[in-house]
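Only one structure is covered here, and it is reproduced in the block below.
The values are calculated or read from the model by the stated rules, or taken from the named source; none is laboratory data. Note that the structure is a prediction, hence the values are computed from the model and not measured. Cβ coordinates were reconstructed from backbone atoms using ideal geometry, including for glycine residues, and neighbour counts include every protein chain displayed. Keep in mind that these areas ignore ligands, DNA and RNA; they rest on the heavy atoms of the full protein, side chains included. Shrake-Rupley method; radii C 1.70, N 1.55, O 1.52, S 1.80 Å.
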Amino acid sequence: MSRKIKTAALTATILAAGAATGLAAGTSPRLLSCSGSPLIKPTGLVVLSCADANSELKSTHWSSWTASAATGKTDFGLNLCTPDCAASSIRFFPDSSVRLLDPKHTSKGLLFTRVVVGYKLGGKQRSFTAYPPTR
């Protein structure tokens with residue numbers, strides 16, 4: 001097989017893999033999971049606080065995912081640490097807003113480096129900001 005054909009086959013394979021994600025390869029930032037997997041539009045459980053697992057997104061529905069930001073609605077889980085973090089469990093806040101911001105080029109590709117979640121606690125609007133890993 002000639003070098004030109006091998007290069008074309010490799011390029012086609014890379015493009016097909018990118019198309020499988022639903023977005024063109026290299027054009028959209030991803031959210032890095034605590035396990036090290038870059039994710040696009042994750043809908044399952046995503047832990048935001050890798051060290052202590054005290055904040056997470058679950059059942060997220062994305063309304064927008066662009067090169068500069070992503071937005072959606074999620075069930076936001078947060079350990080309120082009452083009376084302390086070890087004795088408390090995750091409490092979920094359904095229908096919270098989530099924004100992924102500040103994409104940066106990393107060794108894992110283009111990644112969002114900030115997550116901002118808006119949720120209601122005790123009838124008051126609150127905000128939580130996470131800085132996911134960017135290894």
Given the criteria in a loop (DSSP other than H, G, I, E, B), closer than 18 Å to V46 by Cα and polar (S, T, N, Q), does T134 qualify? yes
If you go through region 67-76, how many residues are in a strand (DSSP E or B), touching a residue at least 40 places away in the same chain (Cβ under 8 Å) and either among the aliphatic types (A, V, I, L, M) or open to solvent by 40 Å² or more (accessible area, probe 1.4 Å) (or both)? 1
Just need a number here: residues in region 36-56 that are open to solvent by less than 80 Å² (accessible area, probe 1.4 Å) and out of contact with any Phe, Trp or Tyr (no Cβ under 8 Å at 6 or more places or on another chain). 13
Go through region 77-115 and report how many residues are within 19 Å of the chain's Cα centre (by Cα), on the phi < 0 side of the Ramachandran plot and either loosely packed, with under 15 Cβ neighbours inside 10 Å or of a type in the set (A, V, I, L, M, F, W, C) (or both). 16
Of all residues in region 57-66, how many are within 21 Å of K104 (Cβ to Cβ) and either open to solvent by 60 Å² or more (accessible area, probe 1.4 Å) or β-branched (V, I, T) (or both)? 1
Pairs needed: first member in region 36-56, closer than 17 Å to K108 by Cβ; second member anywhere, open to solvent by 50 Å² or more (accessible area, probe 1.4 Å) and assigned to a loop (DSSP other than H, G, I, E, B); C-beta distance under 6 Å; at least 6 residues apart or different chains. P38/K108; I40/T21
When (1) within 19 Å of R99 (Cβ to Cβ); (2) free of Cβ contacts under 8 Å to residues at least 40 places away in the same chain are applied to P83, the one that fails is (1)
